[in-house]
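Taking it in order: structure first as structure tokens, then the write-up.
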Amino acid sequence: MEAPDGGEGPTGSSRPGSTSSRSAPGAPPRRARARRGEGERLRDEILAAAEALLIATGDESALSLRAVAAAVGVSPPAIYLHFADRAELVFAVCERHWLQLEEAMAAAASGVADPVARIRRRGEAYLRFGIEHPEHYRVLMMGRPGDTPERFTDGRLAGSAGIEVVADDLREAIAGGVLPGQDVTEAAVLLWMAVHGMVSLVISKPGFPFPPPDQLYDRLFTMAVRGLGASR
């Protein structure tokens, strides 16, 4: 008899002629039933399978719970033990990449003394991430509001987009006389909006003959900093 999570029963066998414990030809083998304490490992396997499907298809709509369950070797109901619905699973996959974005922006600015140069480096890392992970970016930054899980709060978004650390860089630039006094949070949001606009257009209009992204970003950043009133 098949176990609730899609594995085999305690004996690992089935009645003669039954196909309940056999996988279809070419299908992934059915996963053995998780032992107590192994739930977190199953969750990680679900996330890894969902991420692989998202990358392989390049299409968030192709990521179905049935396809993920088949890749892991469990029945679809087993996924609901870890994720409330498909949207939560998709966001969980993308959030893992979002942590990589935060790390990439921090690494890009590491060791740079000039606060304006740090902001530039963070923006370059953000741009590169969005272009290299278009489907993850669409899910997190270009989806409908109703599709966003409640836990992806505005505060979490601010941290992921680098608004808080860019605001700190702006404070330092103001203190050093490079920028005039202003609302640093508003300025950081304006800079984010500029880079987001560039990323979203590049990934949503791949056929448009845009100039090279690095060239576009250089012009965009120069105009943005001048607009903030930089003294140089």
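Worth pointing out:
- Nitroxide proxy distance, nm - points 7 Å out along Cα→Cβ at residue 175 and residue 103: 2.9 nm
- Once the Cα-Cα distance is subtracted from the 0.36 nm per residue extended length, the residue 41 to residue 67 segment shows a gain of 7.5 nm.
- In the stretch 94-227, a dipole from Cβ-located charges (positive for Lys and Arg, negative for Asp and Glu) runs towards its positive end, and of 225, 117, 207 it is 207 whose Cα lies farthest in that direction.
Coordinate-derived values only; no laboratory data. The shown structure was predicted, so the numbers you read here are calculated from the model rather than taken from an experiment. Every residue, glycine among them, receives a Cβ derived from its backbone with ideal geometry; neighbour counts consider all protein chains shown.
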